[in-house]
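Working notes, beginning with the structure itself.
Bear in mind these aren't lab numbers, they're just calculated from the coordinates by the rules spelled out. Since the model is a prediction, treat every value here as computed from it, not as a measurement. Positions of Cβ are backbone-derived with ideal geometry, glycine not excepted, and every protein chain shown enters the neighbour counts.
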Amino acid sequence: MTQKPTTTSAAKMTEGQRAYETKRAAKAGMSLDKWLSGKEREREAEARAQAKDAAKAALPPKKPGFFSRLIAKAEKPL
């Protein structure tokens, strides 16, 4: 059951890492290549989500809404 992985991430792994990932793939009922491609997709999706969050944080803060401004004025001392 030793297959040569064709993905680039599999080529960078040591024998111990490859054995660990093979066991995890077998437990999930997948081939090693399919397992590694799924992990790569998850990694890319997480990177996209982090980039989206970073872009959202870079936007200027939003102006307070009408009721928020009204309450803030009401709480100010005379």
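Summary of computed values
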read-out	value
Close pairs (7 angstrom Cβ cut-off, 6 or more residues apart or separate chains): part of a helix (DSSP H, G or I) in the stretch 47-71, loosely packed, with under 10 Cβ neighbours inside 10 Å anywhere	none
Residue count for the stretch 24-41, restricted to those that are out of contact with any Ser or Thr (no Cβ under 7 Å at 6 or more places or on another chain), in a helix (DSSP H, G or I) and surrounded by 10 or more Cβ atoms within 10 Å (Cβ to Cβ)	8
Residue 51 vs. criteria surrounded by 10 or more Cβ atoms within 10 Å (Cβ to Cβ) and within 30 Å of residue 20 (Cβ to Cβ)	yes
